[in-house]
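Let me begin by presenting the structure, written as structure tokens, before commenting on it.
The values are calculated or read from the model by the stated rules, or taken from the named source; none is laboratory data. Everything numeric here is computed off the predicted structure, so don't read it as measured data. Because the Cβ atoms are built from the backbone with ideal geometry, glycine has one as well, and the counts that use them run over all protein chains shown.
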Amino acid sequence: MAYQLFGRSRTALVTGAGARDGIGFAIARALAQAGLTVSITGASERIHERAAELALEGLPVTSSVFDLTSAHQVAQLREMTGPVDILINNAGMGSIKQPAVDGILIELDEADWDYGISVTLKTAFLVTRAFLPAMIGVGHGRIVNIASVTGPLVANVGESAYAAAKAGMVGLTHALALEAGPAGVTANAVAPGWINTGASTPEERLAAKKTPLARAGSPDEVAAAAVFLASDRASYVNGAVLVVDGGNLLQERKG
């Protein structure tokens, strides 16, 4: 199976893969199941628990703890990991150690705004900047940014920093597609809608029932989209945003 999807790619890095029921962990598992050598990184020690779980499935995955908002620590991650063929920028929203703060814009502290932008958008910038040169050097690579429908396409009250950061990830994706494409490196984004994770609130789970498919999506369904964009089969897909929301954006009236 591995050669069919990943004829040239052999290694991958997934950021923000610490949550057992999260999108990052699902992507890491899917890539490892496809035969890739996968590294995962997160902001807390629980990332090592995820690697241990994958090892029990016969999927050896290396794990590391780094603060990806720090250029110095990202450089350490690059030195430890080495070059990769596939980069999945999934880190965002906050961490178990420092959750993001929601609030309407006029009541949001500057520090909370800065953190909301940093943990999602700055991390993608720093990690991409660290790993992209090697991809360009060999003339091959895949960058997949896990954005959201929130920001690029819709918004929620009280989530201005998150929306701005995720919209920024799409802008970053478009710029990367132009800058790195001529060197054989594609950049694409996945924009999930209502996805059932441990971070989902009761209100979000209720909203998911009002989608055309009458349910929330699963992390595995988002992972399938990310794996496709990272694969050889998506070799002519560049600068795209793949929405995974069960058709929810099609509805003017929701429930």
Within the range 215-242, tally of residues that are surrounded by fewer than 19 Cβ atoms within 10 Å (Cβ to Cβ), closer than 18 Å to Val38 by Cα and touching a residue at least 60 places away in the same chain (Cβ under 8 Å):
3
It is to be established whether one or more residues within the range 141-163 are surrounded by fewer than 22 Cβ atoms within 10 Å (Cβ to Cβ), in contact with an Asp or Glu (Cβ under 8 Å, 6 or more places away or on another chain) and part of a loop (DSSP other than H, G, I, E, B).
yes
Taking the range 122-134 on its own, how many of its residues are out of contact with any Lys or Arg (no Cβ under 8 Å at 6 or more places or on another chain) and either over 15 Å from Arg78 (Cα atoms) or not small (Gly, Ala, Ser) (or both)?
9
For the range 53-94, what are the residues that are modelled with pLDDT under 95 and buried (at least 23 other Cβ atoms within 10 Å of the Cβ)?
Gly92
Going by the conditions given, is Ala199 modelled with pLDDT under 95 and under 20 Å from Gly24 (Cα atoms)?
yes
Quick one: in the range 171-206, which of the residues that are of a type in the set (A, V, I, L, M) and part of a helix (DSSP H, G or I) is farthest from Met93 (Cα to Cα)?
Ala183
By my count, helices (runs of 4 or more DSSP H) wholly in the range 18-107 with at least 3 residues that are touching a helix residue (DSSP H, G or I) at 6+ places or on another chain (Cβ under 9 Å) and under 26 Å from Glu221 (Cα atoms) are 23-33, 46-56
Conditions (1) closer than 24 Å to Leu36 by Cβ; (2) touching a Gly at 6+ places or on another chain (Cβ under 8 Å); (3) surrounded by 16 or more Cβ atoms within 10 Å (Cβ to Cβ); (4) not polar (S, T, N, Q): number failed by Ala130
(2)
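Yes or no, residue by residue, for (1) of a type outside the set (A, V, I, L, M, F, W, C); (2) over 21 Å from Ala28 (Cβ atoms); (3) in a helix (DSSP H, G or I):
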residue: Leu213; (1), (2), (3): no, yes, no
residue: Glu221; (1), (2), (3): yes, no, yes
residue: Asn238; (1), (2), (3): yes, yes, no
residue: Val243; (1), (2), (3): no, yes, no
Hey, can you tell me all the residues within the range 99-120 that are surrounded by 16 or more Cβ atoms within 10 Å (Cβ to Cβ) and acidic (Asp, Glu)?
Asp102
Where residues in the range 19-52 are touching an Asp or Glu at 6+ places or on another chain (Cβ under 8 Å) and in contact (Cβ under 8 Å) with a residue 60 or more places away in the chain, which of them is surrounded by the fewest Cβ atoms within 10 Å (Cβ to Cβ)?
Arg20
Of the candidates Ala163, Ala155, Ala147, Ala167, the one satisfying the condition of being free of Cβ contacts under 8 Å to residues at least 12 places away in the same chain and under 21 Å from Asp102 (Cα atoms) is Ala155
State all residues of the range 200-222 that are under 14 Å from Asn156 (Cβ atoms) and not acidic (Asp, Glu); if no residue qualifies, say none.
Ser200, Thr201, Leu206, Ala207, Ala208
Just the residues that are closer than 21 Å to Val138 by Cβ, touching a strand residue (DSSP E or B) at 6+ places or on another chain (Cβ under 8 Å) and either modelled with pLDDT under 95 or assigned to a loop (DSSP other than H, G, I, E, B) (or both), please, taken from the range 7-17.
Ser9, Arg10
